[in-house]
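A short write-up of the structure that comes next.
The values are calculated or read from the model by the stated rules, or taken from the named source; none is laboratory data. What you see is a predicted model; the values in this text were computed from it and never measured. Positions of Cβ are generated from backbone atoms using ideal geometry, with glycine treated the same way; all protein chains shown enter the neighbour counts. All accessible areas refer to the heavy atoms of the entire protein, side chains included, with ligands and DNA or RNA removed. Shrake-Rupley method; radii C 1.70, N 1.55, O 1.52, S 1.80 Å.
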Amino acid sequence: MIRKNGSIFCLETPHTTLVIKADTAEYLYYGKKLVSAGNFESCRGLPCKLLSQFGQDDYTEPSILLENADGGISTAFTFSKSKILKEKPQIPGLPSSYGKGKTLELKYVDEPTKVALYIYYTVFEDNDVIAVSSKLFNASEKELHIRRLASLQLDLLGDYSVVTFEGAFARERQKVSRTLNKGVFYIDSKNGASSHNRNPFVMAKGQDGVYAFNLVYSGNHKEIFEACESGKTRVLTGINDFMFRWMLAPGEQFDAPEAVMCFAPDEDGVSSQMHAFIGEHIVRGKWKKKERPVLVNNWEGTHFDFNEEKLLGIARAAKKAGVELFVLDDGWFGNRFDEHRALGDWYDNIEKTGGGLKHLADKIREIGLDFGIWVEPEMISEDSDLFRKHPEFAMRVPGREPTRLRWQLCLNLADEKVQNYVVRAISDVIARSGATYVKWDYNRTLTDPFGKGIPQGEYFHRYMLGYYRIVSRITEKFPDVLFEGCAGGGGRFDLGNLCYFQQYWTSDDTDARKRLKIQDGTSYGYPQATMGAHVSACPNYHTGDSNPLETRFNIACGGVLGYEMDMTKLSVEETEVITRQIEFYKEYRKVLQFGDFYRLGNAFGGNVAGFMSVSKDKGTAVAVVTVYEQIFGGPAPAVKFKGLDPSSVYEVKAREQANYKKAPCFTAGGGFLMQGNVFLSDIYEDTQRRENSGCLYSRMFLITKVKKEYS
Ligand code: DGJ
């Protein structure tokens, strides 16, 4: 709801209030919901601005920086008008959130140049996340250049610590906390993607609670925190201004990507708001709330070395264990016998597929599994028919040796011809195979950013606009298909992609111990139904470590479950274990994929960690508790569950796991389960620990309400 009183706007979400004074471009309040409106004017102090510019006597990090036609960089945007819109405006060419809610439009004009800045705030009826976006319109008769246009500026009062999610390939989104001292701190990405290294989801933790921010964008981004001497902490998020210089011709507009923000008393509260928001206002289409199939993917099982017989063998074994979808990964097309060649040649390798994609897909379907396909549409191998025919499609600087990563180049998606080619080629793959699932991979970062006729400062963003044009066209064409994004694992896991792909491959690291942290870090900003999580073979392909099959399953239940192995190599006992796992998963799939998600313990720093998913009515929960290592003579590992009804009685039953002799069961009040210590007395009795070098101790519990009231 948005209420107006003169130039003051009160934006209310279910649990928060944001108060904006439009004429002075100020925030008067943002935080826990105010029960009464009050006189905001009287409590004004340090101005907390919603925009900041350069050229006057403000030397803080600006939200907007322009090069005017007169050669100067000074701007003086002043208030022009405001409007409350009933429909949320779309952002042309860019992904954004959707849904019922009101939008406040604020217009500021730089009088000397006539350039107009619009800032939009959308409040959804059912969620605390507020969507913010900015647009610049050049109403002058001369061109100007944008050097920075933040999507969102929020000024906070007081001291804050910053939480970011950083890492690398196979180590994505590790939680990092920093105390902000006075000065400027920022994280960014410059490699063309939201990146493995620094996710755009960030939090600022203060005395009153936690503010969280994210960007609906998959390219270069920057999140700035400035702890000012005045006692104010500025937060800016948007497109990275590094290598950014956008020419805005007269009569043109530039849309910055949408940013989102929320406030909650603690980190769990932030996650629950972000999860609900993504589930309701970011993910779209048929699969928005639909339970995701259990899949088998052949990548770690075969890599490029497969033929029809091998694939059908895996499919049969998978079907027997209860798998629902077979995903054919890299290596099915052109001359793709290894990483060195064939990207771009999206025609069937008859030899490896045993007669073409349709032929293979039909055989898989005859076995009783749906068919899914892997593609890497944004790339080209120099050793490919596509490159031989269209070398100009590749992104490279003329006259220079291109940087090769994984022996491949990127396509120049800023070029419309290339975009159209990709749409045609990939649509044809999906149509001719009848795939119901597509894994969209992206296995290198952008280097040599260059497109003929495109100014350097515009290239990265024009690539993203081209990318979004492609994915929106393809996903619209195939509305029934479940899309999973992938970028060498989780290198482009962001809200922009989740507007098109309902789920994302979280990481190439499938080692349970490593995955626990990667998924835990990811879960701060993203819900479990968006995280691809697979059980793979041991010793693990990346780390060389082993973990019991049951442990690997438990951890994979923190996301959308799949198996990534050659299932024909499983022993009879292992097949039985997996069959029971999948049976269990299907029974509790709804709560695991779409329940309210809570992190348990402390994955980054503690010895006990885990997660639990709770049904909306708090009647059923599945919890996974893990212990990193046995500390001899140390404290007995214990956990506090979360999200239950404190006044109800629950039965807590350990799932029967092949690596534990017993499956304890007890009843207790919800209050005790959440506030007391539930000791994991038998956690070290894992019977397979001696065979498993990486042994992470892990138990799964089914928690069901048995009595409404505790008496
Ligand atoms: C990287 C992905 O993350 C893997 O799962 C696999 O699809 C390979 N690419 C294939 O090249």
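In the list Gly368, Gly356, Gly285, Gly279, which residue meets the criterion of being more than 15 Å from the ligand (Cβ to nearest atom), open to solvent by 20 Å² or more (accessible area, probe 1.4 Å), among the small types (Gly, Ala, Ser) and over 28 Å from the mean Cα position of the chain (by Cα)? Give the derivation first.
Values: Gly356 fails: open to solvent by 20 Å² or more (accessible area, probe 1.4 Å); Gly285 fails: over 28 Å from the mean Cα position of the chain (by Cα); Gly279 fails: over 28 Å from the mean Cα position of the chain (by Cα).
Testing whether each residue is more than 15 Å from the ligand (Cβ to nearest atom), open to solvent by 20 Å² or more (accessible area, probe 1.4 Å), among the small types (Gly, Ala, Ser) and over 28 Å from the mean Cα position of the chain (by Cα) leaves just Gly368.
Just a yes or no: is a residue in region 415-431 over 20 Å from Asp329 (Cβ atoms) and of a type in the set (Val, Ile, Thr)? Yes, region 415-431 contains at least one residue that is over 20 Å from Asp329 (Cβ atoms) and of a type in the set (Val, Ile, Thr).
Can you tell me which residue within region 143-183, out of those that are hydroxyl-bearing (Ser, Thr, Tyr) and assigned to a strand (DSSP E or B), is nearest to Glu258 (Cα to Cα)? So that I can check it myself, show each step before the final result.
Within region 143-183, the first condition is being hydroxyl-bearing (Ser, Thr, Tyr), and the residues that meet it are 151, 160-161, 164, 177, 179.
Filter again for assigned to a strand (DSSP E or B), leaving 161, 164, 177, 179.
Working: Ser161: 24, Thr164: 19, Ser177: 25, Thr179: 27 Å.
Restricting to residues being hydroxyl-bearing (Ser, Thr, Tyr) and assigned to a strand (DSSP E or B), the top hit is Thr164.
Residue selection: Val572 satisfies the criterion of being surrounded by fewer than 20 Cβ atoms within 10 Å (Cβ to Cβ), farther than 16 Å from Glu550 by Cβ and aliphatic (A, V, I, L, M). Filter region 322-352 for residues that are under 19 Å from Leu386 (Cβ atoms) and more than 16 Å from the ligand (Cβ to nearest atom); which is surrounded by the fewest Cβ atoms within 10 Å (Cβ to Cβ)? Per the criteria, the residue is Ile350. Scanning region 59-74 for residues that are surrounded by 12 or more Cβ atoms within 10 Å (Cβ to Cβ), modelled with pLDDT under 95 and under 25 Å from Ile20 (Cα atoms) yields Thr60, Ser74.
Condition check ((1) within 16 Å of the ligand (Cβ to nearest atom); (2) more than 15 Å from the chain's Cα centre (by Cα); (3) over 21 Å from Met261 (Cα atoms)) across all residues:
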| residue | (1), (2), (3) |
| --- | --- |
| Tyr463 | no, yes, yes |
| Val471 | no, yes, yes |
| Glu484 | yes, no, yes |
| Gly491 | yes, no, yes |
| Lys514 | yes, yes, yes |
| Asp520 | no, no, no |
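Residues that are in contact with a Lys or Arg (Cβ under 7 Å, 6 or more places away or on another chain) and within 18 Å of Lys514 (Cα to Cα) within region 678-699 comprise Gly694, Cys695, Leu696, listed in sequence order.
Out of Gly301, Gly322, Gly285, I need the residue that is within 22 Å of Pro539 (Cα to Cα) and either at pLDDT 95 or above or not charged (D, E, K, R) (or both). Which one? Steps first, please.
Numbers: Gly322 fails: within 22 Å of Pro539 (Cα to Cα); Gly285 fails: within 22 Å of Pro539 (Cα to Cα).
Of the residues listed, the single one that is within 22 Å of Pro539 (Cα to Cα) and either at pLDDT 95 or above or not charged (D, E, K, R) (or both) is Gly301.
Per the listing Tyr585, Tyr563, the residue uniquely out of contact with any Lys or Arg (no Cβ under 8 Å at 6 or more places or on another chain), closer than 17 Å to Phe553 by Cα and assigned to a helix (DSSP H, G or I) is Tyr585.
Among the numbered criteria (1) away from the ligand (no atom under 16 Å from the Cβ); (2) aromatic (Phe, Trp, Tyr); (3) on the phi > 0 side of the Ramachandran plot, which one does Phe387 miss? The number of the failed condition is (3).
Restricting the first member to region 195-213 and to residues that are at positive phi, and the second to residues that are charged (D, E, K, R), the beta-carbon pairs closer than 8 Å and six or more apart or on different chains are Ser195/Arg492; Gly209/Lys32; Gly209/Asp266.
Filtering region 122-141 to residues that are over 24 Å from Ala249 (Cβ atoms) and either surrounded by fewer than 22 Cβ atoms within 10 Å (Cβ to Cβ) or of a type in the set (A, V, I, L, M, F, W, C) (or both) leaves Val123, Phe124, Glu125, Asp126, Val129, Ile130, Ala131, Val132.
Output yes when any residue across region 531-540 is within 14 Å of the ligand (Cβ to nearest atom), out of contact with any strand residue (DSSP E or B) (no Cβ under 9 Å at 6 or more places or on another chain) and at pLDDT 95 or above, and no when none is. Scanning region 531-540 turns up at least one residue that is within 14 Å of the ligand (Cβ to nearest atom), out of contact with any strand residue (DSSP E or B) (no Cβ under 9 Å at 6 or more places or on another chain) and at pLDDT 95 or above.
Across region 175-191, which residue is farthest from the chain's Cα centre (by Cα) among those that are closer than 13 Å to Gly491 by Cα and among the polar types (S, T, N, Q)? Step through it out loud before you land on a result.
The initial filter retains those residues of region 175-191 that are closer than 13 Å to Gly491 by Cα, namely 189-191.
Now narrow it down to the ones that are among the polar types (S, T, N, Q): 189, 191.
On the way: Ser189: 15, Asn191: 17 Å.
Looking at the filtered set, the residue picked out is Asn191.
Contact map, region 295-321: first residue within 16 Å of the ligand (Cβ to nearest atom), second residue assigned to a helix (DSSP H, G or I) and open to solvent by 10 Å² or more (accessible area, probe 1.4 Å), Cβ cut-off under 7 Å, separation 6 or more or different chains; pairs are Thr302/Lys310; Ile314/Gly301; Ile314/Thr568. Every listed requirement among (1) under 30 Å from Asp520 (Cα atoms); (2) open to solvent by 30 Å² or more (accessible area, probe 1.4 Å) is met by Tyr160 save one, (2).
Table: residues versus (1) without any contact (Cβ under 8 Å) to a residue 12 or more places away in the chain; (2) within 17 Å of Leu343 (Cα to Cα); (3) not hydrophobic (A, V, I, L, M, F, W, C).
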| position | (1), (2), (3) |
| --- | --- |
| Lys389 | yes, yes, yes |
| Leu409 | no, yes, no |
| Leu413 | no, yes, no |
| Glu416 | no, no, yes |
| Ala435 | no, no, no |
| Phe450 | no, no, no |
| Gly453 | yes, no, yes |
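Of the residues in region 668-711, how many are open to solvent by 90 Å² or more (accessible area, probe 1.4 Å) and either among the small types (Gly, Ala, Ser) or farther than 23 Å from Pro548 by Cα (or both)? Before you say what the answer is, go through the steps one by one.
Pass one, region 668-711, residues open to solvent by 90 Å² or more (accessible area, probe 1.4 Å): 672, 675, 679, 681, 685, 690-691, 707-711.
With the extra rule that they be either among the small types (Gly, Ala, Ser) or farther than 23 Å from Pro548 by Cα (or both), the set shrinks to 672, 675, 681, 707-711.
So the answer is 8.
Matching residues to (1) in contact with a helix residue (DSSP H, G or I) (Cβ under 6 Å, 6 or more places away or on another chain); (2) aliphatic (A, V, I, L, M):
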| residue | (1), (2) |
| --- | --- |
| Asp415 | no, no |
| Arg424 | no, no |
| Ile430 | no, yes |
| Asp441 | no, no |
| Pro449 | yes, no |
| Arg469 | yes, no |
| Pro479 | no, no |
| Phe501 | no, no |
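I need the full set of residues from region 288-316 which are among the polar types (S, T, N, Q) and surrounded by 16 or more Cβ atoms within 10 Å (Cβ to Cβ), in order please. Lay out the reasoning, then the answer.
Of region 288-316, the ones among the polar types (S, T, N, Q) are 297-298, 302, 307.
Asn297, Asn298, Thr302, listed by residue number.
Would you point out which residue out of Gly490, Gly457, Gly485, Gly451 is touching a Ser or Thr at 6+ places or on another chain (Cβ under 8 Å) and of a type in the set (Gly, Ala, Ser)?
Numbers: Gly457 fails: touching a Ser or Thr at 6+ places or on another chain (Cβ under 8 Å); Gly485 fails: touching a Ser or Thr at 6+ places or on another chain (Cβ under 8 Å); Gly451 fails: touching a Ser or Thr at 6+ places or on another chain (Cβ under 8 Å).
Step by step, each of Gly490, Gly457, Gly485, Gly451 is checked, and only Gly490 is touching a Ser or Thr at 6+ places or on another chain (Cβ under 8 Å) and of a type in the set (Gly, Ala, Ser).
A single member of Val418, Val429 is within 16 Å of the ligand (Cβ to nearest atom) and out of contact with any Gly (no Cβ under 7 Å at 6 or more places or on another chain), and it is Val429.
Of the candidates Glu376, Glu382, the single residue that is within 16 Å of the ligand (Cβ to nearest atom), modelled with pLDDT of 95 or more and either open to solvent by 20 Å² or more (accessible area, probe 1.4 Å) or under 27 Å from the mean Cα position of the chain (by Cα) (or both) is Glu376. Annotation note: Cβ proximity below 9 Å between a residue of region 95-108 that is crowded, with 22+ Cβ neighbours inside 10 Å and a residue that is in a loop (DSSP other than H, G, I, E, B) and among the basic types (Lys, Arg) (sequence gap 6+ or interchain) occurs for Ser96/Lys88; Ser97/Lys88; Gly101/Lys88.
Scanning region 440-452 turns up no residue that is aromatic (Phe, Trp, Tyr), away from the ligand (no atom under 16 Å from the Cβ), outside any helix (DSSP H, G or I) and modelled with pLDDT of 95 or more.
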